[in-house]
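Engineer: Structure provided below as structure tokens; questions to follow.
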Amino acid sequence: MTKTLENIEEGRTIGVLNFDSNEIQRWREVSKSKDNGDEEKVVVLNLDYADKNVTWDALYPEWIDEEQETEVPVCPNIPNIKVPTRRLDLIVVKLPCRKEGNWSRDVGRLHLQLAAATVAASAKGFFRGHVFFVSRCFPIPNLFRCKDLVSRRGDVWLYKPNLDTLRDKLQLPVGSCELSLPLGIQGRIKMTPEITCLDLKTNLKNRR
């Protein structure tokens, strides 16, 4: 991670999410510009925790009333992140990674990635910044695509997402708890601990 930090362009405005005070201070030191070392280049992004009743099973229930004869399904509410008014060149997020086999089924981890996507997608015009994840585990490939992965070094994942695609994805419900597409149309990639960029490319080739 240290080598990656050293290569960050001077003067960039960095948004940081889910870092402690010591880590935030380190980002402040990295982002200092030689011309104006006193200028604050780090924006601390704040995100409220989701309620404890927002579980993975609530977001991805085993059974859904697809015909919606009894009631229209609604996903649990997840707090939205407050998008900063300043333009961010880099969004840095530390993601948790549980040691259990079902590490991908972590509501907090999903919540953080949705927040990062929301901030990135808020950029105006054709500007495309970077999203920088620190995690031992693979980021969600159906939100941050393999083709948008610029670089990976150990626990560091650097993406340059297509913002139009990201905005479209954010219009979808958080999980399968709420149907967003007509019956019979599959528009999702199931998130499993085993899925990787290589797996996705292999699956696509097999469907041709």
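The values are calculated or read from the model by the stated rules, or taken from the named source; none is laboratory data. Predicted model, so just to flag it, every value in this text is computed and none were measured. Please note: Cβ atoms are built from the backbone with ideal geometry, for glycine as well, and neighbour counts cover all protein chains shown.
Engineer: Within region 89-107, how many residues are modelled with pLDDT of 90 or more and either surrounded by fewer than 16 Cβ atoms within 10 Å (Cβ to Cβ) or in a loop (DSSP other than H, G, I, E, B) (or both)? Even if it seems obvious, please write down each step before you answer.
Structural biologist: Initially, region 89-107 is screened for residues modelled with pLDDT of 90 or more, giving 90-97, 106-107.
Among the residues that remain, those that are also either surrounded by fewer than 16 Cβ atoms within 10 Å (Cβ to Cβ) or in a loop (DSSP other than H, G, I, E, B) (or both) are: 95-97, 106.
So the answer is 4.
Engineer: Still on this structure, please answer the following. Which one of these does C75 not meet: (1) loosely packed, with under 15 Cβ neighbours inside 10 Å; (2) at pLDDT below 85; (3) touching a Pro at 6+ places or on another chain (Cβ under 7 Å)?
Structural biologist: (1)
Engineer: Please pick out the residue among P141, P182, P173, P193 that is touching a Cys at 6+ places or on another chain (Cβ under 9 Å) and modelled with pLDDT under 50. So that I can check it myself, show each step before the final result.
Structural biologist: On the way: P141 fails: modelled with pLDDT under 50; P182 fails: touching a Cys at 6+ places or on another chain (Cβ under 9 Å); P173 fails: modelled with pLDDT under 50.
Being touching a Cys at 6+ places or on another chain (Cβ under 9 Å) and modelled with pLDDT under 50 holds for just one of P141, P182, P173, P193, which is P193.
Engineer: What do you reckon, is K41 under 20 Å from L158 (Cα atoms), touching a strand residue (DSSP E or B) at 6+ places or on another chain (Cβ under 8 Å), basic (K, R) and at pLDDT 65 or above? I'd like the intermediate steps shown before the answer.
Structural biologist: Numbers: under 20 Å from L158 (Cα atoms): yes; touching a strand residue (DSSP E or B) at 6+ places or on another chain (Cβ under 8 Å): yes; basic (K, R): yes; at pLDDT 65 or above: yes.
Taking the combined requirement at face value, the residue satisfies it.
Engineer: How many residues are part of a loop (DSSP other than H, G, I, E, B), of a type in the set (A, V, I, L, M, F, W, C) and modelled with pLDDT of 65 or more if we restrict to region 3-38?
Structural biologist: Going through region 3-38 one residue at a time, the tally reaches 1.
Engineer: Looking at P161, P79, P139 in this structure, which one is out of contact with any helix residue (DSSP H, G or I) (no Cβ under 7 Å at 6 or more places or on another chain) and either part of a loop (DSSP other than H, G, I, E, B) or within 23 Å of K32 (Cβ to Cβ) (or both)?
Structural biologist: On the way: P161 fails: out of contact with any helix residue (DSSP H, G or I) (no Cβ under 7 Å at 6 or more places or on another chain); P139 fails: out of contact with any helix residue (DSSP H, G or I) (no Cβ under 7 Å at 6 or more places or on another chain).
Being out of contact with any helix residue (DSSP H, G or I) (no Cβ under 7 Å at 6 or more places or on another chain) and either part of a loop (DSSP other than H, G, I, E, B) or within 23 Å of K32 (Cβ to Cβ) (or both) holds for just one of P161, P79, P139, which is P79.
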